[in-house]
Every structure is written in C-alpha cells, then in structure tokens.
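Bear in mind that the values in this text are calculations on the coordinates, not laboratory data. Being a predicted model, the structure only gives us computed values, none of them experimental. Note: ideal-geometry Cβ built from the backbone for every residue, glycine included; neighbour counts use all protein chains shown.
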Amino acid sequence: MKPKLFVIYLLWLSGQLFGSLRPETLSRRLGELSLADKDRVLDIADELRCPTCQGLSVLESDVPFSLQIRNAVIQQVKEGRSKDEIMQFFSDRYGAWIRRQPPKAGFHWSIWLLPWLGLLLGGLVLLRFFRSGVTGSGESLARRSEDEILRELDERLAALRGVKNGGER
Amino acid sequence: MMTMANMGYFLLSLAAVLSAYSSLASLWGGRRRDERLVSSATRAAHLSTAGVGVASIFLMVLLLDRDYSLAYIYKNTSNDLPLRYTIAAFWASLEGSHLLWTLLLGLFCSLALLTAPLSLERLRPYVCMALQMVLTWMLYLALTHSNPFAPMRPIPANGQGLNALLQNPYMVIHPPLLFLGYTASGIPFAYAIAALCYGDVVSGWLLTVRRWALVAWIALSAGIFLGGRWAYVELGWAGYWAWDPVENSSLMPWLFLTALLHSLSVQARVGHLKRLGIVLSCLAFFFSFFGTFLTRSGVVSSVHSFASSPIGPNYLSFLFVLMVSAGALYLWRSPGIIANQMDKVWGLSRESALVVAQFLLAVFALVVFLGTLYPVISEAVTGVRFNVQAPYFNSFAPYIGALIMLVIGWGNLLRYRRAGLRGGWRGQLAAWSFAILAAGLFAYLGGVFASSGFRLLAQLVGTVLVFWTAACLVIELVGFMRETRGSLSRRIGRNLAQLGAFVAHLGVLVAILGFLGNYRGLETTKTLNKGESFELYDYRLTFEALRWEQVENALLVEAPLRISGRRARGEGELVAARAKYPTKEELFHEVGLVSTFWHDIYGILVDYDQAKGEHVTVTVHINPTVRLVWLSVFLLVLGGILCVLDRYRGRRSLDHALA
C-alpha cells in the first residue's frame, strides 16, 4: 500500500471512530453563520476533495472524513481566514490532491487561460475566414456565368485527374 | 480433448491472423486494383468477424454455465448472480469488454463492407484495410494482455461475484451502447482514411459517412445518458455527471461526432469542408479509442475504470501510431481534395454558423481534454499531481453552453449562401418576448431557482436562452414547412432530416434546462427515531420502521419514509436502503427515488441502528428538473433516428450533382 493511501486510510478509520457516532448535519452547523460566511463555506467545501470518494467534494459526500473537513472549514471561516488561506492550509496538510482544481498561479494558469485563448484566437481566425474572398460588394455571392462554372469544373477535373494519376503511378 | 475455452482462444488466434492478412491484402489489392486480392481480403475480414463471433458465443455459454475454470468468469460471476447480470458480466471487466469491443468493430466492419454502395467500390479496400488494422491490434491484445479464456487453477466452487455497483439494470444496457457508439465511429474514420488513400471524396462518401456517424452518435448519446442514470440511481450522491475522467472520455467523441454531423451538412449543401470532415471523422474515432484506453489504463482514477493493467501502454502506443500515420497520410494526400467552388464567400450565412458551431464544440472538447489529462500534465511539468474535478469544468461549461445556444438559435434562422434571418426582427422580438414570459412561468411553476448570486444569474440567463432558442427553432421549422409543396405526409417524408435536426436540437435544449435546475438543490440529513418526521420543501417525511427484504441475490435493509404534507400528491413512500450481496463484505446504497414532474425526492440511507433498528440517519435531496435530463435523451435518439431514415438528404448534394 502506498504511504499516502495508508495515511488516508488511518484518517478515514479515525473518522469512522469519532465521526460516525453522531453525523453532524451541515445545515445545523451552518445555521450559526452569517449569510456571507455560509456562502463562503459552501464555496470552499465544494473545492475540497472528499478523500475517500471518487470525484466528489466534501460538500457532496457524507462520509465521516468529509464531515470532519467540513467542520474544520466552518471553524476557520468563523475565525475570519480568507479562502486562499484556508485552501493553502488544507494543501499543506494533505497535499495538493485535496484541491479539486489547480490554483490560479504559475504554470496552472495555462489550464485556466488556454480555453479562453482558444476561443478568442479561433474566433478571430474564423472572422477573417468568413470575410476573406469578398470581392467588391455582396453582389458577388456565388453568381457566375455558365461559362465560368464550366471552366471551373474543367479545372477541378484536371486537378483531380492529376492527383489520381500521381497517386497511382 | 479440446475444451470450449481452448477453442475460443484458438478462434481468436485464427481471427487475428485473418485480420492481419485482410488488412495487408486489401491495401495491396486496392493500390494494384487487383479485384481478386480485394475480394479475398474482404472474405478474410468476414471470416475473422465470424471467428470472433463464435468465440464470443463460447464465452457467453461458459458464463451462463458459470464455468469457474476460467479466471474471467471466476472474477466476475458467482452462484447467486441473477441471469441478466450473468449476461452483463460479459462486459463487466477488462477482458470481456475488450472482446465485446473487438466483436462490435468486426461486425460493423463486415456490415460496412457489405452495404457499401457501388459508387464507393474504389474506397472499399481501404475501408477494409483501416478497420482490419485496428482489429488486428485488438485481437493481438486479446491474445496477449487481455485473454478472456485464461484458465483458473484449481477450479473454485464459487466465483468472487460481480462488482455490486454493476448489479443494476442500467449496467446491462449502458456499456454495450457506449461500445456500439465507439465502434460505429470507426466506420467514418475508415472512410476518411479511404478517401485520403484514394485521393478524393467521391460522390456517395458523404451519404454513407453521414449515416454511420449518425448511428454512432445515437448509440453514444443513449449510452452517455444511461451511464448518467446509472450513476444517479446507484452511486448515491444525488448527481448524474461528475466530470469523471471516464465520463469525459465518452463525451469527447460525442462532441466530435456532433461537430462531424454539422460539418457534413455544410459539405452536402455547399460542397466545402471536405477536409474538415475527414479530420473530424478521424478525431471522433481517436477519442473513442482514447476513452477505451483511459478506462483500462489506470492513468487517471475514476469510478468507472477497471483496475490498472499492462494493457494501457499498449493501447496508447497503438493510438500514437494510428494518429501519426493518419496525420502523415493527411498531409500527403489532402492537398488534392478540393472544394466544389473555389471562390466561395462565407459571409453571414447558415454555413458560417455551422462552422462556428463546430468551433464551439471543439473548444468544449479542448476544455474537457485539458481537464481530464491535467493530473498527468501537471505531474510531468511541476512534479505535483493536481486533480481537476467538477469545479473546473463547471466554470467553463455555462459560457460555452450559452454560446452554443445562441449559435443554434441564430444559425437555424440563417439561410444557406445568403444573409438575413428568417422571421426578421419581428421574429426576434416575438422569440425574445416569448422566452422571457416562458422563463418566468417556468420559474413560477417549477420553483427551481437558487437563492442568490451567480447561480441565480446563470439560471435566469440560461432559462431565457433555452426558450429563446426553442422559439427560433419553431420559427425556422414553420417557415421551412411553408416553403415546401405537396401533401403533408410527402412534405414530412421528404424532409425527415429537417425534422430530426429540430427534434435533436430540442433535446439539447431540454437537457440544458434540466442541467440548469441543478444550480438549485436542497438537501438535509436527519437522524430519526421510529415514528419521527421532518419537513423539507413542504414535504413531511415520516420514518416508520426498518424492514428487511430479499430481492434476487441481495438482502435489502430498507428505511421507508412516508411522504405527506402540503406538496404530497399521493407519492406513497420513499424507500432508501442498503444492500448486502452474498459475495461482498460491505453494504451498498440502494437509493430511494420518487419522481414528480418538477423534481425528484432522492433519499440515501446513511446509517441505521444495526442492533435494534430503532433509529436511522437519512439524507434527503430535492433535485429539480432532473426528469428533463432523462426526457432529453429520448428526443436526441428520436431526432437521430429521423435523420437516419431520411433517404434524400445528401443525395441532393452539390457533390452528387457534379459527379
């Protein structure tokens, strides 16, 4: 067993022993907080990973270990610590895997910015593409004489023939 | 004496040899235009399919016999397993699902070869070559790393039993549907390779590729949604989509198939984007294959993945070879594939909107791809493995979804080759006012809106956009039908693809409406003694007493909660339960679910008094609009089927007229 997994297992076990006796409901603990603090707790808890589940946050899961972390978050919010501080606290304690998304810092900016960059650059390229080939006014929209169409077809056929002959040798 | 298992293994070896011969012979025969060699290769392909088919039948027979002398059967079945899950055990784990994948690809290959029209005669050898190459590799893996017929000694008396999470009706149908989708996307890929080998997109290519892409798209849509349904009723976290790596890997080919279908409709009407069609066909299959790899490699952990196995690197290296060779082939051959008109002006038109739609789908795929692989990327670059889960994806999905809706709405109203919206500004005015009214009504009736902040804003904007897009679709359909002539049945029969697209787009909108409801969810966890009750969202839930029930092979501990209160409409009781399977130690969730039109009441039995059954702890969620998500899959599938049935679409293409 990997050491990290073993630690998780021990934590889970202790959670089982101490936490499961009386699962504390999130709603009651939250009741003591102000509305703004409540939103912050939900926000932070949604970004912390449930250690013993697959793909869930501590907000979504009700296993004892999640409840423990959730309570710790509530405690720290009450003490007035900021979101970054709290995330850092859990990162230091459990390692980066506790985060459900990479922080917006350093190399991690790439994953946050690439989609927007792609959208922006791609959009510009598409705009150019749509506008290109406009000769004169909108009158030119695919209006051509029959001769011209025939000439194009001939060109196209010649081009195709060239490819096939080239391909077959 | 040769046992059935030995014969199965022998047949797989034979199929591997036949496939290898078939791919080489069809390539050689295709280049040399050697009819006899090509037909020999085709026959070898059919024989290989037959071999895999008989081997699969053998495995199924052995499964039904519960022959534990096979390791695969020992690991995935047990004496107590009901019949339908014994059948489903075929695809419950690595070896069997690999065999099913191979079988389906073989069947589709044979079907594609048999149904290829005469106009595609010159492409057929290359189609055979591409698919048999993939099949050779899959069969090689089945023989070496993933042998379903591997023996088990000494022969045990009982098996380990099927993974309890898979003992669910949706698991019987969901994986085969996904595999159908993955493998059917191999046919457009093969035709893309064939077009490159031959040197041009010949007439008839479009119709055939479109049909196969639709088949893959329908199967994949249904498979993805049923997988979500499975997660919803089986995993017990009140959601259906976790942006899990394996879920993502089924979404990526779906996105590319969707983009491909839009690209093909531009190609049919305008004669452009031939090369893009080829690229998208390839990408859809690469990502199908990538998903297959991801599920089996253990590179990223997932609820759906099999245990990590040495087969992973083999998949990946083959995918790499496939991508490099397809890329090289594309660079070499694609310059000869030319659009129908050289002086095309795109401007503001339907075809431009279709290109934008494909672009947005590709960006969405990029987000999903980055997020799925970021744990590996971050580990390689920074040395620390950073996870990417739902919050990352959810911070992009709403914006991309909104853009996609705008493009669906306006794109449908635009005309091919011309500027101007159908319905004009009056139509837009009507659509926007309808949307605001309908969104208001929806909010009032459904009670689905979150309390504050970004979630509320997203819901409001999203709901208005959904109804606006729906209105645009209706304006377009009515206008289009007015332009057609003849009797109603003829007008419908001739334009099934138009109707199908309408229904499928409507399905997308219904799904988005369903997703939007998820911004609000109510939940509460309570510990209740016998006879105690609590209120949630104007429902009163009363716990009466625990009861035990034997359902097939599982013993259920059920905590029935009687539903009463102001909102109750005779729903009866919500039964959250835990299940004990004979071959498994731990208890599994059996979710309690009561659905009304607007929301689901979803109950999980968190804990119960094991000694006396005096008290239970339950979590109850109110999930709005989930039913719309399940409704949408019917619309998507129906829309897809209508499009497949259209015999006219694609034949009227410019491509055809020029040939």
Say R0 is 30 Å: what FRET efficiency, to the nearest 0.05, do B:Glu483 and A:Arg128 get from their beta-carbon distance? 0.35
Helical mean residue ellipticity (222 nm; -39500 (n - 2.57) per DSSP H run of 4+; nearest 500) of the protein assembly as shown: -21500 deg cm²/dmol
If you take each beta carbon of peptide A:95-101 and count the beta carbons of other chains within 10 angstrom, what is the mean? 6
Test item: A:114-121 mean partner chain Cβ contacts at 10 Å: 4
Mind ordering B:129-135, B:372-378, B:424-430, A:64-70 by average Cβ neighbours within 10 Å, highest first? B:129-135, A:64-70, B:372-378, B:424-430
How would you order A:45-56, B:95-106 from highest to lowest mean count of nearby Cβ atoms within 10 Å? B:95-106, A:45-56
Given H placed on each backbone N at 1.01 Å, which residues far from B:Arg418 in sequence or on other chains put an amide H within less than 5 Å of it? B:Arg350
Please give every one of the aspartates and glutamates within straight-line cross-link reach of A:Lys104, meaning a C-alpha to C-alpha distance under 17 Å, and leave out same-chain neighbours fewer than 8 residues apart. A:Asp43, A:Asp46, A:Glu47, A:Asp84, A:Glu85, A:Asp92, B:Glu379
Any idea what log10 I(q)/I(0) is at q = 0.17, 0.30, 0.31, 0.33 Å⁻¹ for the stretch B:551-591, Debye with uniform C-alpha scatterers and no solvent? -0.53, -0.98, -1.01, -1.08
Relative contact order (%) - chain B, alpha-carbon pairs under 8 angstrom, separation at least six: 12 percent
Does the stretch B:457-565 come out rounded, prolate or oblate by the C-alpha gyration tensor, with a ≥ b ≥ c the root eigenvalues, rounded set by a/c under 1.5 and, if not, prolate when a/b is larger than b/c and oblate if not? prolate
If you take the beta carbon distance between B:Arg43 and B:Val461 as r and set R0 to 60 Å, what does 1/(1 + (r/R0)^6) give as a FRET efficiency, to the nearest 0.05? 0.55
Ranking request for peptides A:149-159, B:158-168, B:112-122, B:67-77: highest mean number of other beta-carbon atoms within 10 Å first, then the rest in descending order. B:67-77, B:158-168, B:112-122, A:149-159
Pull up all non-local amide H partners of A:Ser57: gap of 5 or more, or a different chain, and H-to-H distance under 5 Å with H placed in the peptide plane. A:Cys50
Please list, in chain and number order, the residues 5+ apart from B:Ala150 or on another chain whose amide H is under 5 Å from its amide H, with Hs placed from the backbone. B:Ala71, B:Tyr72
Using +1 at the Cβ of each Lys and Arg and -1 at the Cβ of each Asp and Glu in chain B, identify which of B:Thr524, B:Phe634, B:Val209 lies farthest towards the dipole's positive end. B:Val209
Roughly how many Å is it from the Cα centre of the stretch B:547-619 to that of the stretch B:385-413, as a whole number? 35 Å
Other chains near B:413-422: what is the mean number of their Cβ atoms within 10 Å of each residue's Cβ? 1
